[in-house]
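Participant: Can you keep this structure in mind? I'll have questions shortly.
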Amino acid sequence: MQHLTGLVVFTDLDGTLLDHDDYSWEAARPALTRLRENDIPVLAISSKTLAELHALNARHHLFAGLIGENGGAIEINGDMRQLGPQTATIDAARDEIAKTVSVPVAGFRTSTAAEIAKATGLPLADAALAGQRNCSDPLIWQPPRADIDQAGNIAREFGLKLVKGGRFYTLCGETDKGSAMQTALMMLQETGKLPQSRAAITTIALGDSPNDAGMLAHADIAVQIPVKHGPVPQLDLGGKTARLAPKPGPAGWNIMINSILDDLSQTPTSITKAR
Ligand SMILES: [Mg+2]
């Protein structure tokens, strides 16, 4: 198994390792088992909070490292590093927005689990985990246009930005999954889980959406998982191309990881034999 040393896998969760509709990773079990048998670390890299990722990993034991809040917070082997803005900066900016705009403003950080559950539709226990945020805060408010503009300006004054997601405007910093991946690699090298030389490491990254582009652009082997419903987005990988999985979600994940491991574990001798 000499050819499978120095490998590390970074994966997005929603729509990538987890099915878009039922959040199951079952279809990826064969590839995950193969990665485990070969001692290849898998890291989750997601918009979820570290608390949410912890809960997922406590149930399923899939990941050697957790990267939450879109690259803002990393935890490997009990070592936590916050790449995103300081929590106090997020709180100060949100408080300033709340004082300035014309409508009431709460953040997940200032809301109860029941309030977050009401705003998101999440079950209460999951809402509590979603509220444990380090470096980003989705706002709960009903703003007119002028308030959104004003809040964006205040965010910038604090060195932050206000990003519109699927349902919420989120106060966050400039972190991205690509730079978090570089730091996580260093942390894995420090723990001895990866070789000290970057040249001896091969990174594989899998993602499905534009916020995965930075991670895919930094990977040695980039895999785009097609979205389950709707068109496959064109990701800007800075001139690099990703391999497109033939199926969405964990089924595509399984096929691609198995095929990459097949390629990498073929010795020159066996290739010669195959010919
Ligand atoms: Mg995704």
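The values are calculated or read from the model by the stated rules, or taken from the named source; none is laboratory data. Everything numeric here is computed off the predicted structure, so don't read it as measured data. Positions of Cβ are generated from backbone atoms using ideal geometry, with glycine treated the same way; all protein chains shown enter the neighbour counts. Ligands, DNA and RNA are excluded from the accessible area calculation, which covers all protein heavy atoms including side chains. Shrake-Rupley method; radii C 1.70, N 1.55, O 1.52, S 1.80 Å.
Participant: For helix 177-190, report the angle its Cα long axis makes with the longest principal axis of the Cα atoms of the chain; keep it between 0 and 90° and round to the nearest 10°.
Facilitator: 60
Participant: Largest first, how would Lys247, Lys118 line up by accessible area (1.4 Å probe)?
Facilitator: Descending order: Lys118, Lys247.
Participant: If you take every DSSP beta bridge whose two residues both sit in the chain, what share of them, in percent to the nearest 5, is antiparallel?
Facilitator: Just about 45 percent of them are antiparallel.
Participant: Ordering Ile90, Ile140 by accessible area with a probe of 1.4 Å, largest first, what comes out?
Facilitator: Ile140, Ile90
Participant: Further question on the same structure: Calculate the dipole size of region 1-156 relative to its Cα centre from +1 charges on Lys and Arg beta carbons and -1 charges on Asp and Glu beta carbons; express the result in debye to the nearest 20.
Facilitator: Dipole size: approximately 200 debye.
Participant: Straight distance only, please: which lysines reach the Cα of Lys161 with their own Cα at less than 30 Å, same-chain residues fewer than 8 apart left out?
Facilitator: Within the straight-line limit of under 30 Å, Lys161 reaches these lysines: Lys48, Lys99, Lys118, Lys177, Lys228, Lys240.
Participant: Does a label point 7 Å from the Cα of Asp39, set along Cα-to-beta-carbon, have any residues of region 70-86 with amide nitrogen under 12 Å, and which are they?
Facilitator: Answer for this model: none.
Participant: How do 91-97, 233-239 rank on mean C-beta neighbours within 10 Å, highest first?
Facilitator: 91-97, 233-239
Participant: Gly107's amide H: which non-local residues (gap 5+, or another chain) put their own amide H closer than 5 Å, with H modeled 1.01 Å from N in plane and none for Pro or chain starts?
Facilitator: The answer is Ile140.
Participant: Here's something else I'd like to know. Given +1 on the Cβ of Lys and Arg, -1 on the Cβ of Asp and Glu, and no further charges, what dipole in debye does the chain carry about its Cα centre, rounded to the nearest 20?
Facilitator: It works out to roughly 440 debye.
Participant: Out of Asn258, Ala64, Asn153, whose Cα points farthest toward the positive end of the dipole of the chain (charges: +1 Lys, Arg; -1 Asp, Glu; placed on Cβ)?
Facilitator: So the residue furthest toward the plus end is Asn258.
Participant: Skip the ligands, DNA and RNA, and give the accessible area per residue of the chain with a 1.4 Å probe, whole Å².
Facilitator: Result: 48 Å² of accessible area for each residue.
Participant: Treating only the Cβ atoms of Lys and Arg (+1) and Asp and Glu (-1) as charged, compute the dipole magnitude of region 87-172 about its Cα centre; round to the nearest 20 debye.
Facilitator: My answer is approximately 200 debye.
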